[in-house]
Amino acid sequence: MTLGDSMLIAAGTGIAFIGLCSVPALGTVATRLGKRDARQDAYEDADGKASPESLKAYSAALPKSVVLASGAAGLGVSIVLLVISPHAEGLLVDSLSTASWAVAIASSRSSVRAFRLGIYTFFSAIALAGFRLIQGVRIAEPLFHSAPAALALRVAELASSISLAFSALCIPRRPDVFYQGGLVDRRYTASALGRFTFGWPTALLDLAARKKDLDLADLTRPDHNTRAASVSADWKTKDKGGRRLWLAIALAHKESLAIQWFLTLCSSVLNFLPQWVILQFLRFLENRRPGSRQNVEAWMWVVWLCIAIIAQSWVESYVWWLSYADLQIPIRAQLAALVFEKSMRRKDVKGAGKAKKKDPGPESGSAEPAIGGPALASTAPDHSDTDVEKEDDSEELKKSKQSTVNLIGVDGKRVAEFCSYQNIFPGSLFKLIISLAFLIDLLGWRALLAGFSAMLAIMPVNIYFSKKYSAAQDRLMKLRDEKMEVVTEALQGIRQIKFSALEPEWEKKINGVRKRELSAVWSVFMNDTMLIACWITSPILLSALSLAVYAALTGSLSPSVAFVSLGVFRALEVTLSIIPELTTDLLDAWVSVKRIEQYLNSPEVEKVAKDSDEVSFDNASIAWPSDEEIDEGDRFVLRNINVTFPKGELSVISGKTGTGKSLMLAAILGEVDVLGGTLYVPRAPPLSERHDDKANKGNWIIPEAIAYVAQIPWIENASIKDNILFGLPFDEERYNKTVEVCALKKDLEMLSDGENTEIGANGINLSGGQKWRVTLARAIYSRAGILVLDDIFSAVDAHVGRHIFEKCLNGELAAGRTRILVTHHVALCEPKTKYLVELGDGGVLHSGLLSELREEGTLQKIKSHEQSAEEIEADELTTAVNSEGASDAEREESDDAEGNTLKKVASRSQVPRKFVEEESREQGAVRKHVYLTYLKDSGGFFFWAFACVVFITVQGFSLGRSWWLRIWTGSYEEQGVHQLQAAGPSSEYSFAYIDSARQNPIHAMSAPLPAIEGTLPFYLGIYVALSVMSCVIGTSRFLYIYLGSIRASRKLFTKMNFTILRTPIRWLDTVPVGRILNRYTADFSVIDSQLANSVSFGVNSFLGLMAVVIAGLFVSPYIVLLASVLLLICLYYAIRYLNGARPVKRLESTTKSPVFEQFGSALTGVATIRGFDKAQVYIERMYRKIDDYSTSTWHLWLFNRWMGWRMSLVGSFFSSVVSILILLTPDIDSALAGFALAFALGFSDSIIWTIRLYANVELNMNAAERIIEYTELPTEALDGESPPAAWPTEGRIEVHDLVVGYAPDLPPVLKGLTFSVNRNERIGVVGRTGAGKSSLTLALFRFLEARSGSIHIDGLDISKIKLHDLRSRLAIIPQDPVLFSGTVRSNLDPFDHHTDAELRDCLERVHLVTNQPSSSTATASGSGSGSGSVTPVDSTTPKNANPFADLASPISEGGLNLSQGQRQLLCLARAIVSRPRVMVLDEATSAVDMHTDALIQRSIREEFTDATLVVIAHRLSTIADFDRVLVLSDGRVAEFGTPRELWEKGEQQGVFRAMCEESGERDKLRAIIFGSQ
């Protein structure tokens, strides 16, 4: 076939392609002529809606004008050419086609249609330009001589085609669109050129450069492909159910996966294109005669090299971008949304099912309850089973709240990340096939086989260490989980730890887990080092053996073969080395996807009740929910309940501690398993049908709706007002009444921000009573016609309780509403109660209308029993911890509440002060101080100086190896045996080369000396020696850095742990646990595992970049100038990238915490959320938080690609210039050219990796920065004198003129308090809310330091002695009891100082166990087992087991498998064990029934005869027989004397007497006071 024929075929094909592409354009033009588009006055799509401003700002006029002008110019030139040129066949057809595109675009008023046509135009115009270029190369020379005007016209036509192509890509796709007020990401707004060159974030990077920071508000919002709500909805439409989760994910994202795989295949082919071009280029140089003139072919190879590098870089960049933007981020958001939605529907399983055996010690014990609701005492497993079965991970997962949060934090992230890079599997296969074909063509199969045999020899070693690495990683993950459990528990129980001065023990315990974790990290590092050794050794051996065999077989080694095969080997090795790690990631993702699938398939809350007008139980048997088959004997069951609560009336449920009162309320909410009988509950309308925004006074109450007040109050991190409104519209009159009847008015007045005061998570800065009253106000304000209230009186003072009973429960706002109340204050409620239920013995003891029970005499019997403590089940899972101790209402006391401090403290500014401060975010570059601290902790100056020497040595060996290869291959040319050389005698060539080299100063240093002559073994021997040295030193440098990393990790952790455990309690109250946990877990994970690798690889890349420049120097000294200019350009881009990436990485850290905090909080309050039917509200709120997290990750990767693509362009320019310089230097030999080009190709990669890894180091240093910030927090006073060993011996307390405040800028809460307590005296402290009762407790333990005045104990000023000594010698039982997961024994005696017999004795003393058969009601009631008294009725009824019978019985996290009363009793037993001289009880028995309380008071009197007791009480009967009573009022002593003296002051003068009169127990109190005197 002649060249002319080929050109004809090419022309025909081009015309056909262009014509085909033009059909849509011609059709569009025809349509436009017939019907004009309406003007685009609005724009809306799935991403959002354009605003009037963005529509006005949108304009495509300029690119459309250029398109039209280019099309017209091209057409005009074609017509002229047709007239004057004999070579213009087909020109007019093509130009008409492209012109039609231009007209179509210009006439289209739909922005999206114009954008789409622009892409077609680009392909059409580029095809035309390519066709013209190929045609022009053939006829250019003849035209130049014969018809220069025609040649100029052809050039003009080519230029117009290129102009048309690129202007068509510049048409913006749409105006800016907005979603929920936020600007949506501009990926689908920008022009095609902007989209495919990552140009759309440029404006954001400009902003970052100006502000030196970025805030979340500056970032654009996710589009519909990434938005949590959209991807969740998309899942629901695509998920058919019944499919495995991994398959469902793959099918839901099949389009993205298909595009990703296709581009990966393209990338695999393009990966070897630069090597192939260099091969052709070097072969051309090998065949070139010295001094000959370069022809067009040589320059075409330079052009192709540039195009090949750019094409390969773009496809690779785009694959990575698609992987993150279309797969990782949407899948992560999708899984997070699905898991959260499931948690809002999932069965609320509680209790320590089967205990999980761990190492003996405090941390062992059952898995904690998964979510909200109380876990009944007897929910605890059948503790009699000593051989508790080992629970497997999946079972533990179901029950542990932390594990549930981990589904989003760890598992979802792992699956999403794997989805983003699973394409490496097919990509590696494609690359392997292509590279093998390439290498067989280059080296022959025998040489390749020899090389691969070396790889095969190393493979078993690689596999062995991969397995060891994987096992070490698994062990590390388990230890990290264990560390998280221990740290979480310590942080949640920090108040108890500080009160008991257990910081050193917990520090030791946490450091013990940390030590094991670091040993696992070291094990990972060691195995990783061996894998790196295989990774480094493998390609060196592969290339050395292959080249040796090739040289031996052929007798020569040409530069083109040597350097190109080295490049291919390097690419191949990267491909193969990543497979073992990927396989590990695949297995991790597989485990995670199964965990998520198991969770998504777990049982959901079912409708257990039938619809009815009133709440009733018909022979119902109910138990706490379980997601597995449990023997009925192993769970707490309320059997055969027959109760009907009258509609619109007040009903009371009472019963002893642990009898199942909260379980009965949970049944009304539908949060139970119904084992028999029927449950009837009115059906509430769904939230969507309630139209809350239209609610008014007339239609406010929805009779069937339910509101719930949990036993452990669940409060959100929001203002008091927002917590009360709970999403309902603000009705000022109703709101004010609610605040009044819930006794919150005084509290709000005390707060400077009033109702706008922000409450910390779980109400941390409120006192116990305030928390209860805020949650009560939420229920009262709600639209619910049925109020389900779990013990609202136990944490409030008597007078407040009476006010709430009369004004709230029976006032105007409660009229007509069905109120079902659990309480043990039966006497208080008696006047207005319509219906009464008493529980006991696993069922209903008595029930009926109050009037009937009174007539039968049953009422008196019930009142004598106890007014049941409902505390019962630890409903909330909030974990006692949360309550952190707030001490009772009194705590409420204003601020005295523990950290309460905050509360009253509110700010004096106009803007309400935030209690939970926003997480701080550093700005700009990481401070030098952080780097210096890290470098110092990891080894100091000498350590890092030696590290630099090692790294430079390694790079030197790498350069030396390639240089030796250049000498080796050059030697064949010098010896004249170069087989492919077409020039004259080799000696002539050699001398010409040497001569020219001598004249070039750089070459004079580097040219091979004629003296270096040797045989194949000589060259090969030195090459292998250099290779081995590279391997050894290259591997050891990583190990060296890992040593420093471990050292720094250990020191930083020890410092931070020490500081956190000793920070002031106020700081701990204002910082969410999740934020501190982030430091302990995520940040240390970065410091342990990632920072060392970022430093190692970063230094390596930088030195690699230097090596590239040095290698270029051998070609021309001007390379230094070029490299400097290009490096400056790269530096410009790098600085812009870092300006944006730095704040966005920090934002990613700070937007991640709220996702976990919201998840944890919602899991805690799931019973309340579902009770109020607010699940959807929380799901939508979670969507927003997931979107915040997604948008920060999105921008991090977007900026990364923006930089990467621009760096690739710079790199391709460097490679092109090096190859041009090689062509311009006629005396350069192919060996030197191969050496230089082999390095030049790495320029772009080296720069990108240097910057990326520098950014990684800096971003990872962000973790160090956050940790170092916490190591420098202020701590409580650590100095002071040591008191005598036996102090205090008597327990005398003298308080003199004590003034205490929560913060220097706040008014004092104790104002000149003076009183004294004698040895072994029992003192009751009472006072109305805000009087300062809890503040006094905090001052005794020096949580609040005295501003003036003093406290002396046994004559020693407590401000002068060491804090640890003070707190360890006193004891406190807080109102909110804190237990730690483990066993009964580990809670009583965490550090094994006492015998089992002593511990059992303490349990008997608090009536948790009895040493005789429980035959009497009294004895049994003491058993907190939840079994109540023995069932006399039916001896065959199964008993609920007593968890305290066995010291090894598990206690779940926070003690939530026990009732509140049982937890308080266990804390009391714990105090008895230590036998202190001074004991403070902070309303320690508020949650137990009165009968048990009486027994405990007797125990206290008997057990603490040799101790001074200070008891803060709400129940006046608790302290009515004490030696003296201290009455506080507004931070001062109002009265102090014996109960009788204070009573006799009379109601008018005596504060104590007035409180007694209001308490509802006046006669009882009088009898106690006068009976005890």
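The values are calculated or read from the model by the stated rules, or taken from the named source; none is laboratory data. Since the structure is predicted, the reported quantities are computational estimates derived from the model, not experimental observations. Glycine also receives a Cβ, built like all others from the backbone with ideal geometry; neighbour counts cover every protein chain displayed. Surface areas here come from the heavy atoms of the whole protein model, side chains and all, with no ligands, DNA or RNA. Shrake-Rupley method; radii C 1.70, N 1.55, O 1.52, S 1.80 Å.
Being touching a Ser or Thr at 6+ places or on another chain (Cβ under 9 Å), assigned to a helix (DSSP H, G or I) and surrounded by fewer than 24 Cβ atoms within 10 Å (Cβ to Cβ) is the filter here; which residues of the range 1214-1237 pass it?
Once the filter is applied, which keeps residues that are touching a Ser or Thr at 6+ places or on another chain (Cβ under 9 Å), assigned to a helix (DSSP H, G or I) and surrounded by fewer than 24 Cβ atoms within 10 Å (Cβ to Cβ), the range 1214-1237 yields Leu1221, Leu1224.
Return yes when Lys746 is within 24 Å of Ile1512 (Cα to Cα), outside any loop (DSSP other than H, G, I, E, B), of a type in the set (Lys, Arg) and out of contact with any Pro (no Cβ under 9 Å at 6 or more places or on another chain) and no when it is not.
In short, yes.
Of the residues Gly648, Gly655, only one is over 21 Å from Asp348 (Cβ atoms) and either aromatic (Phe, Trp, Tyr) or touching a helix residue (DSSP H, G or I) at 6+ places or on another chain (Cβ under 7 Å) (or both); which?
Gly655
Go through the range 616-634 and count every residue that is over 24 Å from Val681 (Cα atoms) and surrounded by 14 or more Cβ atoms within 10 Å (Cβ to Cβ).
Within the range 616-634, residues that are over 24 Å from Val681 (Cα atoms) and surrounded by 14 or more Cβ atoms within 10 Å (Cβ to Cβ) number 2.
Of all residues in the range 745-789 being among the aliphatic types (A, V, I, L, M) and over 27 Å from Leu669 (Cα atoms), which is modelled with the highest pLDDT?
Among residues in the range 745-789 that are among the aliphatic types (A, V, I, L, M) and over 27 Å from Leu669 (Cα atoms), the one modelled with the highest pLDDT is Leu748.
Would you mind finding the one in Pro1304, Pro1308, Pro1284 that is open to solvent by 10 Å² or more (accessible area, probe 1.4 Å) and in contact with a Gly (Cβ under 6 Å, 6 or more places away or on another chain)?
Pro1308
If we keep just the residues of the range 1322-1341 that are out of contact with any helix residue (DSSP H, G or I) (no Cβ under 6 Å at 6 or more places or on another chain) and closer than 13 Å to Ile1353 by Cβ, which is surrounded by the most Cβ atoms within 10 Å (Cβ to Cβ)?
Here the answer is Ala1339.
Of all the strands (runs of 3 or more DSSP E) wholly in the range 1492-1573, which have at least 2 residues that are within 29 Å of Ile862 (Cβ to Cβ)?
Qualifying strands (runs of 3 or more DSSP E): 1508-1512.
Restricting to the range 197-250, what's the tally of residues that are within 25 Å of the chain's Cα centre (by Cα), over 22 Å from Asp45 (Cβ atoms) and small (Gly, Ala, Ser)?
Qualifying residue count, the range 197-250: 4.
Determine the pairs where a residue that is modelled with pLDDT under 85, located within the range 1077-1106, has a partner that is outside any helix (DSSP H, G or I) with Cβ atoms under 7 Å apart, the partner being 6 or more residues away or on another chain.
If the second residue must be outside any helix (DSSP H, G or I), the pairs left are Gly1104/Gly1242.
To keep it simple, each residue is scored yes or no on (1) of a type in the set (Lys, Arg); (2) modelled with pLDDT of 85 or more; (3) assigned to a helix (DSSP H, G or I); (4) on the phi > 0 side of the Ramachandran plot.
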{"position": "Ser161", "(1), (2), (3), (4)": "no, no, yes, no"}
{"position": "Phe178", "(1), (2), (3), (4)": "no, yes, no, no"}
{"position": "Leu183", "(1), (2), (3), (4)": "no, yes, no, no"}
{"position": "Arg187", "(1), (2), (3), (4)": "yes, yes, yes, no"}
{"position": "Gly194", "(1), (2), (3), (4)": "no, yes, yes, no"}
{"position": "Leu205", "(1), (2), (3), (4)": "no, yes, yes, no"}
{"position": "Ala209", "(1), (2), (3), (4)": "no, yes, yes, no"}
{"position": "Leu214", "(1), (2), (3), (4)": "no, yes, no, no"}
{"position": "Ala217", "(1), (2), (3), (4)": "no, yes, yes, no"}
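Can you spot a residue in the range 946-961 that is of a type in the set (Gly, Ala, Ser), modelled with pLDDT of 85 or more, under 38 Å from the mean Cα position of the chain (by Cα) and outside any loop (DSSP other than H, G, I, E, B)?
Yes, the range 946-961 contains a residue that is of a type in the set (Gly, Ala, Ser), modelled with pLDDT of 85 or more, under 38 Å from the mean Cα position of the chain (by Cα) and outside any loop (DSSP other than H, G, I, E, B).
With Leu566, Leu518, Leu502, Leu491 as the choices, which residue is surrounded by fewer than 24 Cβ atoms within 10 Å (Cβ to Cβ) and under 30 Å from Phe272 (Cα atoms)?
Residue meeting the stated conditions: Leu566.
Name the one entry in Ile1046, Ile1110, Ile1135, Ile1060 that is under 24 Å from Gly1211 (Cβ atoms) and modelled with pLDDT of 85 or more.
So the residue among Ile1046, Ile1110, Ile1135, Ile1060 that is under 24 Å from Gly1211 (Cβ atoms) and modelled with pLDDT of 85 or more is Ile1135.
Since Arg639 meets every condition but one in (1) part of a strand (DSSP E or B); (2) closer than 28 Å to Ala416 by Cβ; (3) among the basic types (Lys, Arg), which condition does it not meet?
Unmet condition: (2).
Could you grab me the full set of residues in the range 1373-1404 that are touching a residue at least 12 places away in the same chain (Cβ under 8 Å), under 21 Å from Ser1459 (Cα atoms) and outside any loop (DSSP other than H, G, I, E, B)?
Listed by number, the residues that qualify are Ile1373, Gly1382, Thr1383, Val1384, Arg1385, Ser1386, Asn1387, Leu1388, Leu1399, Arg1400, Cys1402, Leu1403.
Which of the residues belonging to the range 242-266 are in a loop (DSSP other than H, G, I, E, B) and in contact with a helix residue (DSSP H, G or I) (Cβ under 9 Å, 6 or more places away or on another chain)?
Residues satisfying the conditions are Arg243, Arg244, His253.
Within the group Leu853, Leu849, Leu836, which residue is at pLDDT 85 or above and either surrounded by fewer than 23 Cβ atoms within 10 Å (Cβ to Cβ) or among the hydroxyl-bearing types (Ser, Thr, Tyr) (or both)?
So the residue among Leu853, Leu849, Leu836 that is at pLDDT 85 or above and either surrounded by fewer than 23 Cβ atoms within 10 Å (Cβ to Cβ) or among the hydroxyl-bearing types (Ser, Thr, Tyr) (or both) is Leu849.
The rows are residues; the columns are (1) in a helix (DSSP H, G or I); (2) more than 37 Å from the chain's Cα centre (by Cα); (3) surrounded by fewer than 16 Cβ atoms within 10 Å (Cβ to Cβ); (4) not aliphatic (A, V, I, L, M).
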residue	(1), (2), (3), (4)
Ile653	no, yes, no, no
Ala667	yes, no, no, no
Gly676	no, yes, yes, yes
Leu679	no, yes, no, no
Ile706	no, no, no, no
Glu716	no, no, no, yes
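Going by the conditions given, is Ile1119 over 24 Å from Tyr1040 (Cβ atoms) and hydrophobic (A, V, I, L, M, F, W, C)?
yes
Report, by residue number, each residue of the range 1523-1541 that is surrounded by fewer than 24 Cβ atoms within 10 Å (Cβ to Cβ) and within 13 Å of Phe1570 (Cα to Cα).
Listed by number, the residues that qualify are Asp1523, Thr1538, Arg1540, Glu1541.
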